[in-house]
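Have a look at the structure below before the remarks.
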Amino acid sequence: MFNFFKKKANPSEELSKTKVDKADIKSSVITSEVLVEEFVYRKGITSIRDLISPAAMEIKPRYIKLGNKFVTTVFVITYPRYINVGWFRPIINLNATIDISMFFYPVEAGIILKQLRDKVGVLEAQLSSDHDKGAPRDPLRETALRDIEKLRDDLTQGVEKFFQFGLYVTVYTNTEEELIKMVNLLESLFNSKLVIIKQGLYQAEQGFMSTLPLSSDELQLSSNMNSSPIASSFPFMSSELTSDNGVLYGINRHNNSLILFDRFSLQNANFAVFATSGAGKSYTIKLEVLRQLMMGVDVIIIDPEKEYGQLSAAVGGTYINISLNSESKINPFDLPRGAKDVKTSDVIRSAVITVKGLLRLMLGSFTTEEDSLMDRAIIETYAKKDITPDADLSLVEPPILQDLQSILEGMDGGANLVLRLKKYTEGTFSGFLNNPTNVEINNQLVIFSVRDLEDELRPLAIYTVVNYIWNVVRSSLKKRILVIDEAWWLMQHEDSAKFVFALVKRCRKYYLGVTTITQDVNDFLTSIYGKAILNNSAIQMLLKQSPSSIDLIQKTFLLTQGERYLLLESGVGEGIFFAGNKHAAIKVVASYVEDQIITSDPRQLLEIEEAKKALEESQEK
């Protein structure tokens with residue numbers, strides 16, 4: 001807007017003034033034209049506001065239509081006398097698009113203390129009057145008096161603060177019917193916590209504005225509360241276990257989000273799985289193995305029940321059967337051939353300890369003299385093959401069990417040990433551990449099956465296989481996962497339990513993650529080494545548990561009562577997934593193709609076999 005002023009002057013001054021006025025008018029016209037052009041230019045620029053703003057907004061009594069979305073706001077009007085910490089979790093983890101706003105208005109303690117003092121006087125007078133009249137006691141007034149007295153003490157001591165607290169939740173849906181259902185669901189969730197909410201009537205716009213990130217409370221609907229119950233409402237809880245990398249472990253049962261995780265991103269890559277028989281633990285691990293293979297990770301599995309054969313055939317893995325009559329042999333005296341930054345003397349010392357642990361499993365406990373004798377005999381057995389601290393391990397040939405027997409036969413006091421050892425060198429079990437190693441781990445998936453071994457030999461076989469794998473792992477650095485199914489076999493003996501614990505503790509340095517699976521939870525967790533293995537596993541999964549073990553599980557994992565009931569009532573493939581300090585309820589899901597590859601259900605396996613036979617017969621015709 002421009003203003004022009006006019007006043008009287010002499011002719012020369014008038015002429016001069018006329019020239020100035022013409023110049024000002026010309027300048028003003030030019031400026032006006034520039035502003036108009038700038039205005040036109042700015043109209044063609046797209047701003048952030050244009051990108052995020054809806055196309056239109058229609059305001060109704062109970063909701064607003066924001067573009068194609070239907071939006072309404074509910075607010076809390078009443079809280080119960082007691083409210084638990086985390087009561088707001090179901091709303092936060094609700095599988096819906098919602099906005100939540102919390103407004104806190106501090107109130108001076110002095111004002112509240114004065115009002116509480118007056119209220120105490122009224123209640124005491126009423127109680128005294130009832131007592132004088134002989135009326136029955138009023139529990140509600142007595143409870144209110146106790147609560148007020150406690151609150152006065154806490155406010156006076158500074159333990160509590162007082163606030164007016166407003167809590168609003170705005171819901172977004174695609175249709176009006178969905179909006180009604182969502183409001184009913186919210187009312188149900190809040191009512192289950194004895195919290196009463198209402199939907200805004202003729203306040204839909206104010207409710208929507210109050211939950212925008214503008215710090216504007218246009219509803220002004222609050223409740224008087226002290227610090228503790230307000231803190232229980234804080235949304236500092238989340239069941240999200242989604243990361244940018246890793247594999248899919250399942251669906252988060254809290255909010256239907258995906259549990260994507262990279263086990264190698266934690267302080268260690270170890271994984272412990274506990275479940276009853278038939279709860280889906282092997283199914284879960286086979287699914288993870290299948291997905292880890294797609295990520296380029298090498299996987300080695302110790303299979304006690306021949307459950308992984310179909311998986312191996314589907315992905316072209318190597319399946320090695322370990323039994324008395326099998327052609328596949330593993331020598332317990334093997335050494336790592338390419339271990340770097342490790343002294344040869346340390347490698348030999350570690351091998352001696354490992355072999356002696358295996359011999360304890362084979363022959364039973366040693367006396368002090370026998371332990372010392374066996375220690376010296378193993379060292380001399382290696383030395384007989386020129387395996388000394390100065391040797392090049394890549395060029396030597398490891399001894400076998402027969403060589404140890406020969407050394408013991410030439411030592412005083414070794415007769416008893418030789419007699420006990422002959423069962424494995426010349427007797428029934430001679431074809432088991434008394435041969436050079438003839439297997440190789442040169443495939444992305446390698447499975448060792450020990451199902452055809454007698455129960456007496458299974459712990460020995462698993463111990464030997466794990467030791468062989470450990471030697472391979474130390475020989476070359478590569479991202480690997482070792483799966484030990486039915487790990488409770490190794491927890492039954494101290495030497496094997498100690499060996500697995502040492503493996504779990506040290507494997508991080510060699511880029512190895514160890515997965516231990518067990519259904520005998522009590523045997524595993526009552527062992528000091530079992531607990532140590534659990535503590536050194538950054539990822540854990542609890543599937544359905546039996547009532548006999550749930551108390552120990554709850555104590556070990558510090559579970560709430562709700563989580564306890566969840567584990568008792570879970571279906572197949574359902575449980576709790578722990579990753580570091582986070583955990584969430586999980587449901588393991590697989591695609592149809594994955595399910596056909598990894599299923600262990602006998603009914604499904606029979607159907608698959610019948611389908612294969614039918615296909616073969618049709619092809620022959």
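Just to check I understand the Karplus step: with θ = phi - 60° and J = 6.51 cos²θ - 1.76 cosθ + 1.60, what whole-Hz values come out for the stretch 551-559, glycine and proline as x?
Per residue, the Karplus-derived 3J(HN,Hα) values read 5, 5, 4, 4, 5, 5, 9, 6, 7 Hz.
What's the angle, to the nearest 10 degrees (0 to 90), between helix 281-294's Cα axis and the longest principal axis of the chain?
With rounding to tens, the tilt is 80 degrees.
Normalised radius of gyration for the chain, please: alpha carbon Rg relative to 2.2 N^0.38 Å, two decimal places.
1.50
If you line up the long axis of helix 602-620 against the longest principal axis of the chain, both from Cα atoms, how many degrees apart are they, to the nearest 10?
For 602-620 against the chain, the angle is about 80 degrees.
Exposure proxy check: T242, T211 ranked by fewest other beta carbons within 10 Å?
The most exposed by this proxy come first: T242, T211.
Could you give each residue of the stretch 123-140 its phi-based ³J(HN,Hα) in whole Hz, using Karplus coefficients 6.51, -1.76, 1.60 with θ = phi - 60°, and x for Gly or Pro?
Coupling constants for the stretch 123-140: 5, 5, 5, 5, 5, 5, 5, 4, 5, 5, 7, x, 6, x, 5, 10, x, 5 Hz.
Can you list the HN-Hα couplings for the stretch 322-333, worked out from phi with the Karplus curve (6.51, -1.76, 1.60; θ = phi - 60°), rounded to whole Hz and with x for Gly and Pro?
9, 7, 5, 9, 6, 7, 7, 10, 10, 8, x, 8
Put +1 on the Cβ of every Lys and Arg and -1 on every Asp and Glu Cβ in the chain; which of M225, A272, N93 then has its Cα farthest towards the positive end of the dipole?
M225
Student exercise: in the stretch 392-546, how many lysine pairs 8 or more apart or on different chains have Cα atoms under 28 Å apart?
17
Filter the chymotrypsin sites (Phe, Trp or Tyr not before Pro) in the stretch 131-232 down to the DSSP loop ones having no more than 10 other Cβ atoms within 10 Å, then list what survives.
Loop-located and lightly packed - Y202.
Percent relative contact order of the chain, based on C-alpha pairs within less than 8 angstrom and at least six residues apart?
16
I'd like the distance between the alpha-carbon centres of the stretch 109-179 and the stretch 414-437, rounded to an integer number of Å.
About 81 Å separates the Cα centre of the stretch 109-179 from the one of the stretch 414-437.
Please compute the volume of the convex hull spanned by the alpha-carbon atoms of the stretch 122-172 and report it per residue in Å³.
Convex hull volume per residue, Cα atoms: 130 Å³.
Output the 0 to 90 degree angle, nearest 10, between the alpha-carbon long axis of helix 415-425 and the longest principal axis computed from the alpha carbons of the chain.
Value to nearest ten degrees: 70.
Size of the dipole of the stretch 340-436 about the Cα centre, Lys and Arg at +1 and Asp and Glu at -1 on the beta carbon, nothing else charged, in debye to 20?
Dipole of the stretch 340-436, to the nearest 20 debye: 320 debye.
Nearest 500 deg cm²/dmol is fine: what mean residue ellipticity at 222 nm does the chain get from its DSSP H runs of n ≥ 4 alone, each adding -39,500 (n - 2.57), divided by its residue count?
Per the formula, -14500 deg cm²/dmol.
Using +1 on the beta carbon of Lys and Arg, -1 on that of Asp and Glu, and nothing else charged, what's the dipole of the chain about the Cα centre, debye to 20?
I would put it at about 2260 debye.
All of the numbers you see were taken from the coordinates with simple rules; none came from a lab. Treat the numbers as computed from the prediction; the structure is a model and nothing was measured. Glycine gets a Cβ as well: all are built from the backbone with ideal geometry, and neighbour counts include every protein chain shown.
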